[in-house]
Amino acid sequence: MIEQGFFLTFEGVHGAGKSTIIAKLKTKLLEKGHNVIYVPDQSGTPLGKELKRVNLSFNNVSPLTEALIVAAARHQSVVEVIKPNLLKGKIVIGERYIDSFFAYQHARHSTINALEAINEAVAEETIPNITFLIDIDPGIAIERIPVSERHRFEKENLDFHSRLREGYLLRAKREPKRIKIINGALPLEDVIANVWNIVNIVINK
């Protein structure tokens, strides 16, 4: 059993099923007696929620402005929620984190030289033990989200979502030990089983 905090993150294109998978995993971990906390994308704190709301409310946001808003929201989650709970020995499950930062900039065709420095400042050396990339054809994934419920990013064209997926796969290629690619096109029960098999082995080492 683990004796210190453990950090899991989930990444993937919009509609990949991250929230559903996380909810199922959290339930399994709680049933096993683990102390678990879920940190939603950017909005794990009151400030983060407001920053995310602002970011989604405006169109024609420049890539750098977008990156800085997201970075600020994520950093607040790190200092206010993620790090304190890891220090308490909890399992922290994050929905999107540092890898989505780069994947989104790839989708924006961004060449911001400061990305690495921004990311290091945001994370404060808090790197996930394991990251699950739920990989699925973005054309299939986005159709899971009703048109009336899509926010600014989800309303982007398919080319954007395809580049987003490509950005994630590039990250996985760069860090194969940490990032585990999970086939999100499989039935939900199989996806959850594949995630659980990896988590169960690692936390019981």
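Rule-based calculations on the coordinates, nothing more; no lab input. Since the model is a prediction, treat every value here as computed from it, not as a measurement. Cβ atoms come from the backbone with ideal geometry, glycine included; neighbour counts cover every protein chain shown.
For the reader, a short list of remarks on this structure follows.
- Mean separation of Cα contacts under 8 Å, 6 or more apart, over the residue count of the chain: relative contact order %: 34
- FRET efficiency for residue 23 and residue 50, using Cβ-Cβ distance with R0 set to 30 Å, rounded to 0.05: 0.80
- Evaluating 6.51 cos²θ - 1.76 cosθ + 1.60 at θ = phi - 60° for every residue in the range 129-135, the Karplus couplings come out as 5, 9, 10, 9, 9, 7, 9 Hz, glycine and proline recorded as x.
- Paramagnetic label zone (point 7 Å from Cα along Cα-to-C-beta, residue 31; backbone N under 20 Å) in the range 163-205: 187-205
- Counted residue by residue at 0.36 nm each, then reduced by the alpha carbon distance between them, the extension gain from residue 4 to residue 88 reaches 29.5 nm.
- When each of the peptides 33-42, 70-79 is scored by the mean number of other C-beta atoms lying within 10 Å of its residues, the order from highest to lowest reads 70-79, 33-42.
- Taking amide H atoms as placed 1.01 Å from N in the peptide plane, the amide H of residue 39 lies under 5 Å from those of 93, 94, 95, each 5 or more residues away in sequence or on another chain.
- By the Kirkwood approach, averaging reciprocal distances over each pair of separate Cα atoms, the range 8-203 gets a hydrodynamic radius of 17.1 Å.
- Reachable aspartates and glutamates, given that their alpha-carbon falls under 19 Å from the alpha-carbon of residue 28 and they are not under 8 places away in the same chain: 3, 95, 189, 190
- Cut-off 14 Å between beta-carbons: net charge of the residues surrounding residue 127, Lys and Arg +1, Asp and Glu -1: -1
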